[in-house]
Structure formats: structure tokens, C-alpha cells
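First up is the structure itself, then whatever we jot down about it.
The values are calculated or read from the model by the stated rules, or taken from the named source; none is laboratory data. Everything numeric in this text was worked out from a predicted model, so none of it was measured. Backbone-built Cβ (ideal geometry, glycine too); neighbour counts: all protein chains shown. Heads up: the accessible areas ignore ligands, DNA and RNA and are worked out on the full protein's heavy atoms, side chains in. Shrake-Rupley method; radii C 1.70, N 1.55, O 1.52, S 1.80 Å.
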Amino acid sequence: MDDFIAARAQMALSLGFHIIFACVGMVMPFLMAFAHWKYLKTGNEIYKGLTKAWSKGVAILFATGAVSGTMLSFELGLLWPGFMKHAGPIFGMPFSLEGTAFFIEAIAIGFFLYGWDKFNKWFHWFCGFLIGLSGLASGILVVAANAWMNSPSGFDYINGEYVNIDPIKAMFNEAWFPQALHMTVAAFCATGFAVAGVHAYLIMRKKNVEFHTKAFRIAAAFALIGAFGAPLSGDVAAKSVAERQPIKLAAMEAHFETEKGAAFVLGGIPDEEKGEINYAIKIPKVLSFLVSNDFNAEVKGLNDFPRDEWPPVAVVHYSFQIMIFFGVIMICIGSLYLYTFFFKKHWLTKNWFLKIFFFATPFGYIALEAGWTVTEVGRQPWIIYGIMRTADAVTPMPGIQYSFYFFTAIFISLSLIIIFLLRRQIQMVPRLYDPTDEQFNLKNKKS
């Protein structure tokens with residue numbers, strides 16, 4: 001394997017793995033805190049058990065995210081020393097603040113896990129809520145660093161030197177808010193659907209039904225927030241991309257020729273050599289409206305840019321289409337849930353209804369991974385957009401493919417460990433977390 005391809009593949013694998021745990025860390029504590037709040041308000045012991053069950057899951061996934069995140073930080077220096085040499089002093093602030101948020105999150109998790117019946121009940125609840133706030137802050141701060149790569153600011157680039165560095169301006173770059181907003185909403189959508197899907201499956205198995213039903217409804221509510229918020233945050237992000245990275249937008253839509261009243265493309269197979277897209281459904285003038293609120297606005301095509309600055313058009317286009325497809329599916333499922341909740345409550349217990357959520361378990365994360373592919377691959381060939389090419393930042397050291405194989409083995413091992421631990425947590429629900437189960441009461445009597 002070519003060292004450059006190996007370095008990019010390793011970063012893609014690492015980011016694709018870590019982003020799942022980053023999103024869980026941003027959202028899952030809020031589900032946990034909501035269940036805890038319900039317990040404090042109602043005194044229903046099922047919500048207490050649900051809070052404890054989810055908190056153990058949060059701890060497991062937090063530990064895994066810490067490992068994968070630490071690996072990523074090493075990889076930046078190992079694989080991209082040319083990038084870190086110049087970029088580190090500029091966008092180091094969000095990484096430093098992310099470290100602070102990480103430690104606050106770790107302390108809050110410790111307080112929450114071991115604080116039952118030891119702290120004031122509302123202080124204990126706040127510790128759980130603080131896990132969510134610090135996890136959310138961590139995710140947003142990391143996105144700020146990535147946004148800087150898409151919209152570099154906070155320095156002057158003069159004769160190949162990076163001078164007049166302003167870390168604050170670099171952190172709050174023009175891409176920061178659109179990316180952070182869309183990422184946060186997508187995290188709520190993906191995590192909400194994943195958790196709802198797991199509990200829907202467990203309801204269908206007819207075990208601890210009341211426990212899993214309460215969990216399912218909380219998770220579904222959070223999923224709806226993300227599903228309906230995603231088009232709005234996506235619109236903000238798309239307008240930002242159109243303004244700052246028109247070539248990325250053109251690749252997303254496989255839009256080759258500059259034109260006014262540009263059509264929005266659904267599906268299709270891009271042909272980069274001929275500069276056209278085949279078998280696509282085109283909705284007239286919608287792309288122009290989406291990027292500028294004007295149906296007749298001009299949208300630049302790929303042919304207006306140097307060929308050596310094109311990203312891999314097919315990869316970006318297909319990823320964008322996958323993100324849209326699954327996003328629309330989740331909106332439809334969310335609409336069905338709302339209709340069912342308000343008008344057809346008896347459907348909530350039907351197997352066909354629960355199966356929809358079960359099959360939708362991975363949809364949010366598929367859309368999320370596709371969206372990040374658009375963000376990262378769409379920036380190519382630049383690692384710092386318009387300033388430093390990715391090929392110029394890679395390490396000159398040989399043998400990177402072996403590093404790729406080694407890290408791949410680590411991620412596979414971590415995945416297997418996580419599956420084992422989470423499966424065991426689910427199996428322990430009757431004994432440890434559901435007070436309505438006979439096994440739970442028998443265990444408490446013995447203790």
C-alpha cells in the first residue's frame with residue numbers, strides 16, 4: 001500500500017470509529033439525565049434502574065472514546081508532521097479546551113456513578129447533566145479544529161510563513177458554527193435512533209417490556225429532535241459550504257457546468273471524464289434556491305476550477321446522496337411516530353411499528369459517516385483549504401501501511417470488547433435494573 005494512501009486510510013478508519021463514540025458522549029448523558037429527572041419527579045423505580053443502566057453504558061463508551069481519541073491525537077503527529085508543525089500553534093486552543101472538557105466529564109462520571117445515596121439528589125442529577133454538557137463541549141471544540149481546516153483564519157500566510165497568529169479568531173472561524181450545529185443535531189439523531197432501535201428490539205422479545213418501553217420513548221423523543229432539526233442545520237451548513245468552498249458544493253451535486261437556476265440532483269452516476277451526470281433526477285432551480293434563496297442564482301460548476309483541485313467527485317456525490325437518503329427516511333419515521341403518538345397510540349405496541357425502529361438502528365450513524373466523508377473528502381486535495389495540500393503534510397517515514405494494519409487490529413479488538421460489554425449490560429437488566437422483574441427482587445432479598 002502506498003504510504004500516502006495508507007496514512008489517509010488510517011485517519012479515515014480512526015475518525016470513522018471515534019466519531020461514533022464522540023456522538024454517544026455528546027447525547028447519551030442527556031438521555032440518562034432525563035430518565036434521572038423523571039425518577040426524581042415521579043419516584044418511579046423503573047426510571048432509576050434505567051438511569052443506572054444507561055450510566056454504565058455511558059461509562060463503557062466514554063472509556064472507549066477516550067482510547068480512540070488519544071490514538072487520533074498521536075496519529076496527527078505521527079502521520080501529518082508537516083501539518084502539525086504549522087497548524088498546531090494556530091488551532092491548538094480548541095484541543096486544549098477539549099482536554100479540559102474531557103477531564104470535567106471524567107470527574108462528573110465518577111461522581112455520578114458512585115454518588116447514589118451519598119450526594120444531595122439534585123446535585124447528583126446535575127453531575128449527570130454535566131457529563132452531557134462537557135461531552136457536548138468536547139465535540140463542538142473538536143469540530144472547531146476541523147472547521148478551521150475547511151476555513152483557515154486567525155493568521156497571515158506570507159512567503160510560506162504563518163505569522164500574526166490569533167488563536168481566538170482561528171477557533172471561531174466562519175465554518176465553526178455551521179459545522180458544530182449540524183454535527184450536534186446529527187449526533188442527537190443518530191444516537192436517539194440507535195438507542196430507540198435497541199430497546200424496540202428488546203420490547204419485541206417480550207422481556208422487561210415496561211422498562212424497555214420507557215427507554216424507547218425517551219430515546220425516540222431525542223431522535224425526533226435530531227431528525228427534524230437536521231434539514232434546518234443542513235441548510236445552514238450547505239449555504240456556508242457554497243460561500244466558502246464552492247468546489248465542494250459542486251462535487252456534492254456532481255455539478256459540472258456553471259449555470260443560473262441550477263437543478264438539485266438526486267441520485268445519478270457522475271462521469272468525470274465527460275463532465276456529466278447520468279441517470280439522475282433533476283429538480284429545476286432548487287440548488288440555486290438552497291444556496292442563495294434565489295431560484296435564478298448562479299452556481300459555479302466543477303469546470304470553473306483547476307482539475308488538480310477537484311476532490312474525488314464520485315465519492316463526495318455518493319456520500320452526499322447517502323446522507324440525504326437516510327436523513328429523509330428518518331424524517332419519515334419521525335413523522336410516523338408523531339402521528340402514532342397523538343392519533344394511533346395502540347400502534348406503539350405493534351410489532352411492525354417496533355420493527356421499523358429496529359431496522360432504523362444504524363440509519364443515523366450511516367448518515368453521519370456519509371456526512372463526514374463529504375466534509376473530509378470534499379476538502380481534498382487540501383489539508384488546510386487553499387493553503388497546504390494533503391500530500392505535502394504526510395510523514396516522509398516509510399512503512400505507514402504497517403501502522404495502518406496495527407491500528408486496524410486495535411479498532412477491531414475494541415469493537416469486539418464493546419459488543420461483549422454492552423451485551424452483558426443488556427443481559428443484566430432483569431437482575432440489576434428492572435425493579436418489576438422477579439430476578440431483581442430475588443437478588444435484593446438475598447442481599
Mind checking the per residue accessible area of the chain for me, 1.4 Å probe, whole number of Å²? 47 Å²
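To the nearest 0.05, what FRET efficiency results for residue 366 and residue 217 with a Förster distance of 22 Å applied to their C-beta separation? Could the numbers behind the result be given before it?
Numbers: r = 24 Å, r/R0 = 1.07.
With a Förster radius of 22 Å, E is 0.40.
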Can you tell me the orientation of helix 81-114 relative to the chain, as the angle in degrees between its alpha-carbon axis and the longest Cα principal axis, to the nearest 10? 10 degrees
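Over the stretch 1-106, what relative contact order in percent results from Cα pairs under 8 Å that are six or more residues apart? Intermediate values should be presented prior to the final figure.
Working: 46 pairs, mean separation 30.8, N = 106.
Once normalised by length, the contact order is 29 percent.
Restricting to DSSP loop positions (anything but H, G, I, E, B) with no more than 16 other Cβ atoms inside 10 Å of their own Cβ, which trypsin sites (Lys or Arg not before Pro) remain in the stretch 174-278?
Numbers: sites: 205, 206, 207, 214, 217, 239, 244, 248, 260, 274; in loops: 205, 206, 207, 274.
Within the stretch 174-278, the qualifying trypsin sites (Lys or Arg not before Pro) (loop, at most 16 other Cβ atoms within 10 Å) are 205, 206, 207, 274.
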Please name which of 384, 358, 374 has its Cα lying farthest along the dipole of the stretch 343-392 towards the positive end, using unit charges on Cβ (Lys, Arg +1; Asp, Glu -1) and the Cα centre as origin. 358
Rounded to a whole number, what is D in µm²/s for the stretch 31-149 from Stokes-Einstein with the Kirkwood radius over alpha-carbon pairs (4 °C, 1.567 mPa s)? 82 µm²/s
So, with +1 on the Cβ of K and R and -1 on the Cβ of D and E, and no other charges, what is the size of the charge dipole of the chain about its Cα centre, to the nearest 20 debye? 2840 debye
Nothing charged except the Cβ atoms of Lys and Arg (+1) and of Asp and Glu (-1): what's the magnitude of the dipole of the stretch 151-212 about its Cα centre? Round to the nearest 20 debye. 720 debye
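If you add up the charges near residue 155, with Lys and Arg at +1 and Asp and Glu at -1, over every other residue whose beta carbon is less than 9 angstrom from its beta carbon, what do you get? Working shown, then result.
On the way: positive: 169; negative: 156, 166.
Once all neighbours under 9 Å are counted, the net charge is -1.
Given a Förster radius of 30 Å and the C-beta distance between residue 352 and residue 428 as r, what FRET efficiency does 1/(1 + (r/R0)^6) yield to the nearest 0.05? Numbers along the way, then the final one.
Working: r = 29 Å, r/R0 = 0.97.
The value I calculate is 0.55.
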Amide proton proximity set for residue 382, modelled H, under 5 Å, gap of 5+: 390
Give a residue-ordered list of calculated ³J(HN,Hα) values for the stretch 17-22 (Karplus: 6.51 cos²θ - 1.76 cosθ + 1.60, θ = phi - 60°; whole Hz; x for Gly, Pro). 6, 5, 4, 4, 6, 4
Looking at the stretch 38-129, which chymotrypsin sites (Phe, Trp or Tyr not before Pro) are in a loop (DSSP not H, G, I, E or B) and have at most 15 other Cβ atoms within 10 Å? 116, 119
In a shell of Cβ-Cβ distance under 13 Å around residue 260, excluding residue 260 itself, what net charge do Lys and Arg (+1) and Asp and Glu (-1) give? -2
Just tell me which lysines come within less than 21 Å, Cα to Cα, of residue 85; anything on the same chain fewer than 8 places away is out. 169
Sparsely packed chymotrypsin sites (Phe, Trp or Tyr not before Pro) within the stretch 248-313, loop by DSSP, other Cβ within 10 Å at most 16: 295
Apply the Karplus parameterisation 6.51 cos²θ - 1.76 cosθ + 1.60, with θ equal to phi minus 60°, to every residue of the stretch 251-258 and state each ³J(HN,Hα) to the nearest whole Hz, in sequence, with x for glycine and proline. 5, 4, 9, 6, 9, 8, 10, 5
To the nearest 10 degrees, how steep is helix 121-150 against the longest Cα principal axis of the chain, on a 0 to 90 scale? 10 degrees
Dipole magnitude (debye, nearest 20) for the stretch 285-347, charges at Cβ of Lys, Arg, Asp, Glu: 520 debye
Nearest 10, in degrees from 0 to 90: the angle of helix 313-343 to the longest Cα principal axis of the chain is 30 degrees
Using a Cα-Cα cut-off of under 16 Å, which aspartates and glutamates could be cross-linked to residue 214, ignoring same-chain neighbours fewer than 8 residues away? 45, 434, 437
Which cross-chain or sequence-distant (5 or more) residues have an amide H under 5 Å from the amide H of residue 271, H modelled 1.01 Å from N in plane? 276, 277, 278
Quick one: if you stick a label point 7 Å off each Cα along the C-beta vector at residue 391 and residue 341, how many nm between them? 5.2 nm
For residue 264, distant residues with modelled amide H under 5 Å away: 283, 285, 286, 287
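Carbon-plus-sulfur fraction of the accessible area of the chain, 1.4 Å probe, in percent? Mind showing how you got there, number by number?
Numbers: 13810 of 20950 Å².
Answer for the chain: carbon and sulfur cover 66 percent of the accessible area.
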